[in-house]
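First comes the structure, then the notes that go with it.
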Amino acid sequence: MNRVVTHELIHAFDHCRAHVDWFDNLKHLACSEIRAANLSEDCSFTNEVSRFNFGFKQHHQACVRGRALRSILAVRKISRQEAEKIVDEVFDTCFNDHAPFGRIPHGKKDAGFANRDYENRDRYYANL
């Protein structure tokens, strides 16, 4: 349940922060899906083992890409090739955007630490 709520809250964060155009801009949708899959533990090692789908080299990125692709295909009537092209165009930028955590959280406790670090990211420079 935590994973699903986190996934949807990342979409809500994107909606508020980036003013996502959910209906007309497929790049916005793809970016939010990539971020949600990346930051919500959808592709954690334990989840992937339970799906009998795991690997070691670049597996997290492949999992995030695949889950974002499936999400887009589930909500839009576009071809798989078009969806893959859109995901590939925005993947690097969106995969490396870890807001509001600052890094990819690995578990509930680490998510709290990651968020605290993100909120304090400019603290040092604010006191200069």
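How about region 76-121: which of its residues are under 20 Å from Ala62 (Cβ atoms) and among the aromatic types (Phe, Trp, Tyr)?
Answer for region 76-121, where residues must be under 20 Å from Ala62 (Cβ atoms) and among the aromatic types (Phe, Trp, Tyr): Phe91, Phe95.
Would it be correct to say that Val20 is outside any helix (DSSP H, G or I), modelled with pLDDT under 95 and either open to solvent by 80 Å² or more (accessible area, probe 1.4 Å) or out of contact with any Leu (no Cβ under 6 Å at 6 or more places or on another chain) (or both)?
yes
The values are calculated or read from the model by the stated rules, or taken from the named source; none is laboratory data. Predicted model, so just to flag it, every value in this text is computed and none were measured. Counting neighbours? That spans all protein chains shown, and the Cβs are built from the backbone with ideal geometry, glycine included. Only protein heavy atoms, including side chains, enter the accessible area calculation; ligands, DNA and RNA are left aside. Shrake-Rupley method; radii C 1.70, N 1.55, O 1.52, S 1.80 Å.
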